[in-house]
Structures are given as structure tokens and as C-alpha cells.
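To start, the structure under review is shown below, and the notes come after it.
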Amino acid sequence: MKVFPVIETKRLILREVTLDDAGDMFKYLSDKDVVKPMGLDPFETVNDVWDEIKWYESIFEKGSGIRWGITLKNSGKVIGSCGFLNMVTKHHRAEIGYELSKDHWGKGIASETLEAVVMYGYRHFQLERIEALIEPDNHPSQKLVEKQGFRREGLLRHYEFTRGKFDDLYMYSLIKEDLNGNSF
């Protein structure tokens with residue numbers, strides 16, 4: 001069995017989520033403002049969260065992704081998640097995804113998390129390319145990834161079918177060499 005890595009930053013511990021975290025996760029996954037950019041409807045029960053946690057476990061076991069729970073060092077409660085999905089080791093690329101409880105928006109937590117997870121991907125998964133797919137009206141997320149050095153490559157028209165409609169998504173990418181000042 002693989003050991004789930006823990007990432008520590010100045011204010012955060014990024015760790016594996018467990019079924020015990022479902023209550024904390026339900027608080028933000030039931031918020032329409034948090035899940036809408038993910039193409040999801042608000043979660044209605046803790047069982048929905050258990051399914052999400054099981055998905056996190058399955059992508060980690062299969063090696064197709066990893067999702068860390070975001071916790072503040074002083075509380076240990078899960079306030080969001082961030083990680084990789086659709087990892088293609090042959091091509092050294094992955095997609096990054098994240099969400100954060102609305103209570104913690106605008107405090108730099110998403111930026112601190114994203115930076116740590118991106119660096120982990122380059123150092124430990126030997127990624128060359130990290131992609132972020134973002135809805136055109138999700139300006140805060142676009143600003144977040146651009147601040148981290150991601151570049152918008154273009155618009156993927158009708159890329160996903162979610163919540164009964166086709167969604168356009170911007171494709172952003174960050175190539176390892178874009179981060180000149182960082183050592184791997």
C-alpha cells in the first residue's frame with residue numbers, strides 16, 4: 001500500500017482526507033458558490049461527501065491523481081482540497097484542481113496551497129506540464145493561476161457537459177521551465 005504524502009507550508013498542512021473529515025467537507029461542498037465552478041451541484045448529504053472521499057482514495061491507488069485536504073495548522077479541520085487528476089505519467093502531465101471554503105477566500109490560502117502542490121508535482125511526480133481548466137466567468141480562479149505563472153492557452157469550446165449544459169473552459173498550463181527561479 002502506498003504512503004500518502006503530507007505537505008507542510010507556513011500556515012497549512014495538506015494531508016489525506018478520511019471519512020472522519022466528511023462533516024467538515026460537507027460545510028463547503030454543500031455551498032453552491034464553492035462547487036459551481038467545479039461543474040457540480042451542491043452536495044445534499046454527508047453520503048455525497050463519502051463518495052467524493054472514495055474517489056480521492058481511488059485516484060491515489062490507481063496512480064491517476066492525488067487530492068490533499070487543506071487544513072490550517074492550528075485547527076486540523078479540512079477547509080478545502082487541492083490536487084492532481086488525469087495524471088498521464090507517460091507524458092509527464094496532470095491537471096490540477098482545487099476548492100476552498102468560502103470562509104477562507106481572500107486570505108492567500110489558495111495561493112499558498114497551489115504553490116506547494118505545484119512544486120510537489122514537479123519534484124515528486126516528475127511532471128513537465130500542469131494544466132488547469134477554468135470556466136470563463138471564474139475570474140478569481142483565473143487570477144489565482146496567473147499569479148502562480150500559468151498561461152492561458154485558449155478556450156476549449158463545449159469541453160464538459162455538467163449540470164445539464166455544455167461548458168466552455170479556458171486551458172491554462174504551467175511548464176516546468178516557466179519556473180526559472182525554483183530548484184527541483
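The values are calculated or read from the model by the stated rules, or taken from the named source; none is laboratory data. Remember, predicted model here, so these are calculated numbers, not experimental data. Because the Cβ atoms are built from the backbone with ideal geometry, glycine has one as well, and the counts that use them run over all protein chains shown. What goes into the accessible areas is simple: the full protein's heavy atoms, side chains included, and nothing from ligands, DNA or RNA. Shrake-Rupley method; radii C 1.70, N 1.55, O 1.52, S 1.80 Å.
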- [ ] Could you pull out the pairs from 62/176; 73/176; 10/54; 107/147; 147/176; 73/147 whose alpha carbons sit more than 18 Å apart here?
- [x] 62/176; 73/176; 10/54; 73/147
Open item on the list: Using a Gaussian network model on the chain with a 10 Å cutoff between Cα atoms, which of 164, 39, 106 fluctuates the most?
Closed with: 164
Task: Residues of the range 27-168: accessible area per residue with a 1.4 Å probe, Å² - done: 53 Å²
Open item on the list: Ignoring everything except DSSP H segments at least 4 long, calculate the 222 nm mean residue ellipticity for the chain; use -39,500 (n - 2.57) per segment, divide by total residues, nearest 500.
Closed with: -9000 deg cm²/dmol
Task: Volume in Å³ per residue [convex hull over Cα atoms, computed for the range 65-184] - done: 125 Å³
Task: trypsin sites (Lys or Arg not before Pro) within the range 1-66, DSSP loop, no more than 16 other Cβ atoms inside 10 Å - done: 2, 10, 11
- [ ] Just add up the charged neighbours of residue 137: K/R +1, D/E -1, any other residue whose Cβ is under 12 Å from the Cβ of residue 137.
- [x] -2
Task: Longest to shortest principal axis, alpha-carbon extents of the range 18-61, angstrom - done: 29, 19, 12
Task: the range 1-151: C-alpha gyration tensor shape, a/c 1.5 cut-off, then a/b vs b/c - done: rounded
TODO: Mind checking the range 97-184 for trypsin sites (Lys or Arg not before Pro) that DSSP puts in a loop (not H, G, I, E or B) and that have at most 12 other Cβ atoms within 10 Å?
DONE: 107, 163
Open item on the list: Counting only protein heavy atoms and a 1.4 Å probe, tell me what percentage of the chain's accessible area is made up of carbon and sulfur.
Closed with: 51 percent
Open item on the list: Can you tell me which of 161, 150, 84 moves the most in a GNM of the chain? Springs connect C-alpha atoms under 10 Å apart.
Closed with: 161
Open item on the list: Straight-line reach from residue 165: which lysines fall under 19 Å, measuring Cα to Cα and dropping same-chain residues less than 8 apart?
Closed with: 32, 36
